[in-house]
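Visitor: Structure in structure tokens, see below.
What follows is calculated from the coordinates using simple rules that are stated; it is not laboratory data. Every value quoted in this text rests on a predicted model; they were computed, and no experiment measured them. Here Cβ is always computed from backbone atoms with ideal geometry, including for glycine, and neighbour counts include all displayed protein chains.
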Amino acid sequence: MGHKCFISFKTEDIAYKNYIQSGLDVDMIDKSLNNTIDSEDEDYILQKIREDYLSDSTVTIHIIGVYSAENLGHEERKFIKRELQASLYNGEGNTRSGILGLVLPSVESQIYKESFNCPQCGSSHNHVAINGSTVVSEFSYNYYIPNDKCCHTEDERYCVLVKWGDFCANPEKYIDDAFNKRSEPIANKVKVYGT
């Protein structure tokens, strides 16, 4: 049986959300918001999203496109920040969701960079630019949870990251990966609000 998934996305990327919902054969229970909540009250909107969509979802699929960056300013990113905060929160009436970041083709080259030789350890590392220029801080902090090392292994990250094409080829694998993070030790180091 599929996991209960909520899709967090910017309006500009709705075609990708729609493709996940109807173009892919994904074994998931869709908890996504398909109609806007008719209110000007931001707190009310987020309360409704938490209660009606996120309270029993187990994986949040966060679509990362050109409008997902922290550095774009509050108005551009406020809802995806709140959706990720609610997804990461673990408390009464809400259990923490796994977070799966889908990197859209439009930003793939900004995020997946060349590998480099590390001056600290002398090894070669892949440069994955998850920072304020590419994602909101709720995602970047929980992808690169501080560890006093020069790099992160997969079990040192809470958020799972995947290219759009790889996700489409095997969506259940990546949804499972994000779901499984909820019970791994790294879940104890999650920070709900970005830095």
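Visitor: Can you give the calculated 222 nm mean residue ellipticity of the chain, where each DSSP H run of n ≥ 4 adds -39,500 (n - 2.57) and the sum is split over every residue, rounded to the nearest 500 deg cm²/dmol?
Guide: -8500 deg cm²/dmol
Visitor: Would you please state which residues of region 43-82 a label at His127 would reach in this model, taking the label point 7 Å out along Cα→Cβ and a backbone N cut-off of under 13 Å?
Guide: The answer is none, because no backbone nitrogen lies closer than 13 Å to the label point.
Visitor: So how much slack lies between Ser109 and Asp155, counting 0.36 nm per residue of separation and subtracting their Cα-Cα distance, in nm?
Guide: Stretched fully, the Ser109-Asp155 segment lengthens by 14.1 nm.
Visitor: Hey, rough spin-label estimate for Leu72 and Asn188, points 7 angstrom out along Cα→Cβ, what's it come to in nanometres?
Guide: 3.6 nm
Visitor: Using only alpha carbon pairs under 8 Å that are at least six residues apart, calculate the relative contact order of region 50-165 and give it in whole percent.
Guide: 30 percent
Visitor: Using a Gaussian network for the chain with springs between C-alpha atoms less than 10 Å apart, which of these wobbles most: Ile64, Ile20, Ile37?
Guide: Its mean-square fluctuation being the largest, the pick is Ile37.
Visitor: Also, quick follow-up: Using 0.36 nm per residue, how much length does the chain from Gln21 to Gln120 gain when fully extended, once their Cα-Cα distance is taken away?
Guide: Using 0.36 nm per residue and subtracting the Cα-Cα distance, I get 31.3 nm.
Visitor: In whole angstrom, how far apart do the alpha carbon centroids of region 106-153 and region 11-65 sit?
Guide: Centre-to-centre (Cα) distance: 27 Å.
Visitor: On C-alpha positions alone, give me the angle between the axis of helix 171-181 and the longest principal axis of the chain, in degrees, nearest 10.
Guide: 80 degrees
Visitor: I've got another one for you. Once you charge only the Cβ atoms, +1 for Lys and Arg and -1 for Asp and Glu, what is the size of the charge dipole of region 21-65 about its Cα centre, to the nearest 20 debye?
Guide: My answer is approximately 180 debye.
Visitor: Right, next: For region 25-130, compute Rh as the Kirkwood radius over C-alpha pairs and then the Stokes-Einstein diffusion coefficient at 4 °C and 1.567 mPa s; write the answer in µm²/s, rounded to an integer.
Guide: Answer from the Stokes-Einstein relation: 80 µm²/s.
Visitor: Can you sort Val192, Val162 by how many other beta carbons sit within 10 Å, fewest first?
Guide: By the 10 Å Cβ count, ascending: Val192, Val162.
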